[in-house]
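> Have a look at this one before I ask anything.
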Amino acid sequence: MKRINSKYLHTGTRWLTDASLILNAEGRIEKVCPQHEADHLPHRYEEEWEAPLVIPGCVNTHSHAFQVMLRPTTGQPQHFHDWVERFLYPLVETLNEEQIYASALLAFSEMLRGGMTTVGEFFYVHNLADGTSSRQRHAQAVIEAARDVGLRIVLIRALYDQASKPGQQRFYESADQALSQTAELAKHYSRIDGVSVLPAPHSLHGASRALIEGAAELAQQLKSPWHIHLAEQQSDIAFAQERYGHRPLQCLEAWGILSEATTLVHGIWLDEDDRALMARRKAALAYNPQTNMALGDGIARIPDLLSRGVRIALGTDANLTSELFGEARLTEYLQRVQQLQMGQIPDVRVLFRMLNVNGGPILAQSVGQLEPGYYADVLLLDAEHPSLWPALDAPQPETALLNQLIFSMVPQEAIQTVIVGGREVVQQGETLLLDRQAIRRRLAQARQA
Ligand SMILES: [Zn+2]
């Protein structure tokens with residue numbers, strides 16, 4: 001048994017003061033109770049933490065870890081297709097297994113330092129440079145990187161059977177192969193703690209109708225959600241109209257596969273009918289505001305989707321930076337800039353749940369809440385960090401703290417300790433299982449490989 005004590009503890013849905021979390025040997029939360037009650041429990045604790053402020057780990061619902069390799073060229077692309085053609089595909093064409101592993105180490109270690117404890121890694125570089133299958137080795141390299149730094153990973157395995165350009169040869173599999181490889185990978189990791197796999201037809205342009213339908217069916221067999229990039233760029237609408245005669249979301253509806261199990265990545269160019277349909281079918285959204293800004297994608301109608309009851313969680317997508325609090329901040333600020341009004345998502349608790357609570361079901365994981373039965377994925381914060389001042393002295397510290405966590409905190413500095421599954425993986429802001437020098441060496445070696 002282990003124990004965490006805190007003056008202020010947010011479970012994801014409520015504040016508690018002077019509370020304790022009791023963690024069991026499976027790395028889950030056994031009990032949440034007042035500290036004075038925990039003092040009288042008959043347990044012996046092998047580890048005990050104290051922190052003034054404790055919150056759930058953030059759940060990153062959409063990442064492409066290897067894209068950290070594009071950071072040095074962030075300022076150069078002229079538009080989305082220029083970025084894809086002149087930067088993304090050339091990188092993809094030269095990536096090898098060592099680089100896939102090392103770039104994931106960099107992305108994942110930064111995520112941990114920024115307060116993420118689960119990543120949904122949307123992965124699609126399945127083939128070697130000559131276009132033949134890596135036989136799951138690339139996906140496994142990404143999973144190993146997460147395990148090596150201690151991050152919980154859901155490998156969102158992309159299925160991609162539409163390839164006409166050289167870069168796409170790294171992604172392409174026949175529909176049968178994509179489905180069988182995904183099923184095999186999901187089965188392989190179903191017994192391994194901290195790892196799971198769910199299917200994701202890449203997009204309407206990357207996957208055929210038959211493959212998208214097959215992936216939705218596979219998700220049903222696996223009892224898992226499925227993800228798809230949808231309505232990211234305006235050009236996605238013209239593409240879907242031309243190929244299928246419908247707007248993007250209406251395609252999924254026409255094929256009878258839009259459901260509660262569906263998570264749309266982006267969902268920027270949904271019109272009013274689309275948004276009503278999305279709510280009716282209870283589909284969820286993985287929203288990536290920083291990447292959407294960087295790529296010039298646009299602004300999703302978040303307040304409208306929220307008013308319709310759509311579940312929304314956040315992602316770091318291209319991983320230009322790696323912390324989710326900033327993504328929550330941008331979610332609100334983008335609306336303000338668009339509407340020329342403040343207070344677009346007036347209840348800060350709604351933004352806070354996008355960081356943690358909402359991500360759990362979207363990745364089918366018991367994460368994002370500090371409640372019994374959930375994994376003990378926990379952030380211990382340093383109330384002495386100036387970016388959290390003066391919230392603790394405010395008349396209503398609970399609301400003040402949520403505002404500061406989202407709009408002012410410097411996560412990599414204010415988050416002292418990160419615990420994943422009851423195990424400490426970040427201490428004093430540094431990754432414990434692999435330190436930053438080791439990660440830098442792996443990156444340098446990968447460049448030479
Ligand atoms: Zn993406």
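The values are calculated or read from the model by the stated rules, or taken from the named source; none is laboratory data. Please read these numbers as outputs of a predicted model, since none were measured by experiment. As a convention, Cβ positions derive from the backbone with ideal geometry for all residues, glycine included, and neighbour counts pool all protein chains shown.
> Considering segment 317-352 alone, what residues qualify as being in contact with a His (Cβ under 7 Å, 6 or more places away or on another chain) and charged (D, E, K, R)?
Answer for segment 317-352, where residues must be in contact with a His (Cβ under 7 Å, 6 or more places away or on another chain) and charged (D, E, K, R): just Asp317.
> Just checking, which of Ile362, Ile345, Ile299 is of a type in the set (Val, Ile, Thr) and either within 12 Å of the chain's Cα centre (by Cα) or crowded, with 23+ Cβ neighbours inside 10 Å (or both)? Steps first, answer last, please.
Numbers: Ile345 fails: either within 12 Å of the chain's Cα centre (by Cα) or crowded, with 23+ Cβ neighbours inside 10 Å (or both); Ile299 fails: either within 12 Å of the chain's Cα centre (by Cα) or crowded, with 23+ Cβ neighbours inside 10 Å (or both).
Matching residue, one of Ile362, Ile345, Ile299: Ile362.
> Which is in contact with a Phe, Trp or Tyr (Cβ under 7 Å, 6 or more places away or on another chain) and crowded, with 18+ Cβ neighbours inside 10 Å, of Gly214, Gly194, Gly206?
Working: Gly214 fails: in contact with a Phe, Trp or Tyr (Cβ under 7 Å, 6 or more places away or on another chain); Gly194 fails: in contact with a Phe, Trp or Tyr (Cβ under 7 Å, 6 or more places away or on another chain).
Selected residue: Gly206, the only one of Gly214, Gly194, Gly206 that is in contact with a Phe, Trp or Tyr (Cβ under 7 Å, 6 or more places away or on another chain) and crowded, with 18+ Cβ neighbours inside 10 Å.
> Collect the residues in segment 113-139 that are within 22 Å of the chain's Cα centre (by Cα) and under 20 Å from Pro166 (Cβ atoms), keeping them in residue-number order.
Answer for segment 113-139, where residues must be within 22 Å of the chain's Cα centre (by Cα) and under 20 Å from Pro166 (Cβ atoms): Phe123, Tyr124, Val125, His126, His138.
> Taking the condition of being in a loop (DSSP other than H, G, I, E, B) and more than 25 Å from the chain's Cα centre (by Cα), how many residues in segment 163-172 meet it?
Matching residues across segment 163-172 total 3.
> Evaluate segment 240-247: report whether one residue or more is among the polar types (S, T, N, Q) and assigned to a loop (DSSP other than H, G, I, E, B).
Start the filter on segment 240-247 by keeping residues that are among the polar types (S, T, N, Q), which leaves 241.
Among the residues that remain, those that are also assigned to a loop (DSSP other than H, G, I, E, B) are: none.
No, there is no match, as no residue in segment 240-247 is among the polar types (S, T, N, Q) and assigned to a loop (DSSP other than H, G, I, E, B).
> In addition: Name the single residue, out of those in segment 281-295 being of a type outside the set (Gly, Ala, Ser) and within 12 Å of the ligand (Cβ to nearest atom), that is surrounded by the most Cβ atoms within 10 Å (Cβ to Cβ).
Here the residue is Asn288.
> For segment 158-172, check the following and say yes or no: at least one residue is under 25 Å from Glu110 (Cβ atoms) and away from the ligand (no atom under 16 Å from the Cβ).
no
> Out of the residues in segment 313-341 that are at negative phi, part of a loop (DSSP other than H, G, I, E, B) and within 16 Å of the ligand (Cβ to nearest atom), state the one that is surrounded by the most Cβ atoms within 10 Å (Cβ to Cβ).
Pass one, segment 313-341, residues at negative phi: 313-316, 318, 320-339, 341.
Checking the rest, the ones that are also part of a loop (DSSP other than H, G, I, E, B) come to 315-316, 318, 320-323, 341.
Subset that is within 16 Å of the ligand (Cβ to nearest atom): 315-316, 318, 320-322.
Details: Gly315: 29, Thr316: 31, Ala318: 24, Leu320: 16, Thr321: 17, Ser322: 25.
Ranking the qualifying residues of segment 313-341, first place goes to Thr316.
> Suppose the filter is within 15 Å of the ligand (Cβ to nearest atom) and either assigned to a helix (DSSP H, G or I) or surrounded by fewer than 15 Cβ atoms within 10 Å (Cβ to Cβ) (or both); does Met278 pass it?
When the stated conditions are applied, Met278 does not pass them.
> Then there is this: Go over the candidates Arg71, Arg44 one by one and state the one that is of a type in the set (D, E, K, R) and either closer than 29 Å to Ile192 by Cα or part of a loop (DSSP other than H, G, I, E, B) (or both).
Only one candidate qualifies: Arg44.
> Could you please find all residues in segment 148-170 being within 20 Å of Ser63 (Cβ to Cβ) and in contact with a strand residue (DSSP E or B) (Cβ under 7 Å, 6 or more places away or on another chain)?
Selection gives Val149, Gly150, Leu151, Arg152, Ile153, Val154, Leu155, Ile156, Arg157, Ala158, Leu159, Arg170.
> Still on this model: Based on what the data block shows, is Val119 in a strand (DSSP E or B) and either closer than 21 Å to Glu327 by Cβ or assigned by TED's automatic domain parsing to the domain that holds Val410 (or both)?
yes
> Let me ask you something else. What are the residue pairs meeting all of these: first residue in segment 56-70, first residue among the aromatic types (Phe, Trp, Tyr), second residue assigned to a strand (DSSP E or B), Cβ atoms under 9 Å, and 6 or more apart or on different chains?
Phe66/Phe123
> Another question about this same structure. Consider segment 122-143. How many of its residues are assigned to a strand (DSSP E or B), away from the ligand (no atom under 16 Å from the Cβ) and either of a type in the set (Phe, Trp, Tyr) or out of contact with any strand residue (DSSP E or B) (no Cβ under 9 Å at 6 or more places or on another chain) (or both)?
0
> To continue, here is another question. Picking from Arg243, Arg301, which residue would you name as being away from the ligand (no atom under 16 Å from the Cβ), within 23 Å of Leu363 (Cα to Cα) and at pLDDT 95 or above?
One residue alone meets the criteria, Arg301.
> What pairs come up if the first residue lies in segment 16-42 and is over 19 Å from Gly57 (Cβ atoms), the second is of a type in the set (Phe, Trp, Tyr), and their beta carbons are under 8 Å apart, counting only those six or more places apart or on different chains?
Thr17/Tyr8
> Also, I was wondering about something else. Quick one: which of Arg442, Arg436 is farther than 27 Å from Thr331 by Cβ and surrounded by 15 or more Cβ atoms within 10 Å (Cβ to Cβ)? Talk me through it step by step, then tell me what you get.
Details: Arg436 fails: surrounded by 15 or more Cβ atoms within 10 Å (Cβ to Cβ).
Among Arg442, Arg436, only Arg442 is farther than 27 Å from Thr331 by Cβ and surrounded by 15 or more Cβ atoms within 10 Å (Cβ to Cβ).
> When you scan segment 254-268, how many residues do you find that are under 25 Å from the mean Cα position of the chain (by Cα) and either surrounded by fewer than 16 Cβ atoms within 10 Å (Cβ to Cβ) or more than 15 Å from the ligand (Cβ to nearest atom) (or both)?
Number of matching residues: 6.
> Follow-up question, since we're still on this one. Out of the residues in segment 200-231 that are more than 16 Å from the ligand (Cβ to nearest atom) and assigned to a loop (DSSP other than H, G, I, E, B), which is nearest to Leu155 (Cα to Cα)?
Ser224
> Considering each of Arg137, Arg147 in turn, give the residue that is closer than 21 Å to Gly315 by Cβ and surrounded by fewer than 22 Cβ atoms within 10 Å (Cβ to Cβ).
It is Arg147.
> Before we move on, is Ala25 farther than 30 Å from Leu320 by Cα and either assigned to a loop (DSSP other than H, G, I, E, B) or within 16 Å of the ligand (Cβ to nearest atom) (or both)?
On the way: farther than 30 Å from Leu320 by Cα: yes; either assigned to a loop (DSSP other than H, G, I, E, B) or within 16 Å of the ligand (Cβ to nearest atom) (or both): yes.
Judged against the criteria, Ala25 is a match.
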